[in-house]
Amino acid sequence: MSVLNERQPNEIQSGNFWIEFVKTIIFSLVIAFGIRTFIIEPRYVPSGSMEPTIQPGEHLLIDKLSYDFTSPKRGDIVVFNPTKTLEEDNFHDAFIKRVIGLPGDKVDVKNGQVFINNVPIKENYIEAKPDYTWGPVIVPANSYLVLGDNRNDSFDSHYWGFVPRNKIVGRAIFSFWPFNQIGGIHRPTYNLNTINANKKV
């Protein structure tokens, strides 16, 4: 009887170990799922439409939480699901582009330059000046105009229109692969005072 009592704690301890192990695995999976679903999600970029800022084959972290509290800003690089127009054309994968026009903005492209509310914006991040003319257009409420940094090789708003707010998944904040591209993805600065002053409300 005494021998049984001496061994019993070990048996119980062993059983507790496996129970705790399974609980830890389940808890970790739940946390990982929650992070991926609501906070941060990795994404792979297969195309060159955002060159030179983002190269084909880069892996990015997408912040999915911030836009629950703030609106997308001009210059943000966003991941979004296909709009209704794109879905009708059988596009199902997510896109990645840069936010250029905000709700209410007047945007046009001419003479190799993007104009917002009749003000040319400085863009040091683009691959080359756009070789097309487009607009002017007014960005609708709760929608955004997006363009690729590789202006002449990007399937973006100047082809298919605007991105509704509810289609935006999140903002690209960090590149983690390949190693030579590791680093944060930052929002550029614009001459916002002039742009906003010329905006018709």
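A compact table of results
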| item | result |
| --- | --- |
| For V99: the one exception among (1) among the β-branched types (V, I, T); (2) out of contact with any helix residue (DSSP H, G or I) (no Cβ under 7 Å at 6 or more places or on another chain); (3) more than 19 Å from L86 (Cα to Cα) | (3) |
| Cβ-Cβ under 6 Å pairs, at least 6 apart or on other chains, region 87-99 side part of a helix (DSSP H, G or I), far side exposed (fewer than 15 other Cβ atoms within 10 Å of the Cβ) and modelled with pLDDT of 95 or more | none |
| Selection count, region 42-64, where residues are touching a Gly at 6+ places or on another chain (Cβ under 7 Å) and either surrounded by fewer than 18 Cβ atoms within 10 Å (Cβ to Cβ) or within 14 Å of D153 (Cα to Cα) (or both) | 3 |
| Residues being in contact (Cβ under 8 Å) with a residue 60 or more places away in the chain and either outside the structural domain of F80 (by TED's automatic domain parsing) or surrounded by 15 or more Cβ atoms within 10 Å (Cβ to Cβ) (or both) - total across region 109-124 | 5 |
| Candidates D105, D89, D93, filtered to the one that is of a type outside the set (G, A, S) and surrounded by 15 or more Cβ atoms within 10 Å (Cβ to Cβ) | D105 |
| Residues that are over 28 Å from D131 (Cβ atoms), modelled with pLDDT under 90 and of a type outside the set (A, V, I, L, M, F, W, C), drawn from region 153-201 | N193, N196, K200 |
| Candidates D149, D105, filtered to the one that is of a type in the set (D, E), within 22 Å of the chain's Cα centre (by Cα), more than 18 Å from M50 (Cα to Cα) and at pLDDT 95 or above | D105 |
| Candidate set: region 41-74, residues that are among the charged types (D, E, K, R) and part of a strand (DSSP E or B); chosen: the one nearest to S175 (Cα to Cα) | R43 |
| Strands (runs of 3 or more DSSP E) fully within region 127-201 counting 1 or more residues that are more than 15 Å from D108 (Cα to Cα) | 143-147, 168-177 |
| Any hit, region 133-153, residues being crowded, with 17+ Cβ neighbours inside 10 Å, closer than 30 Å to H59 by Cβ, touching a residue at least 40 places away in the same chain (Cβ under 8 Å) and among the basic types (K, R) | no |
| Any hit, region 66-77, residues being basic (K, R) and either surrounded by 13 or more Cβ atoms within 10 Å (Cβ to Cβ) or within 15 Å of the chain's Cα centre (by Cα) (or both) | yes |
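The values are calculated or read from the model by the stated rules, or taken from the named source; none is laboratory data. From a predicted model like this one, the values you see are computed outputs, not experimental measurements. Neighbour counts run over all protein chains shown; Cβ positions are idealised from the backbone, glycine included.
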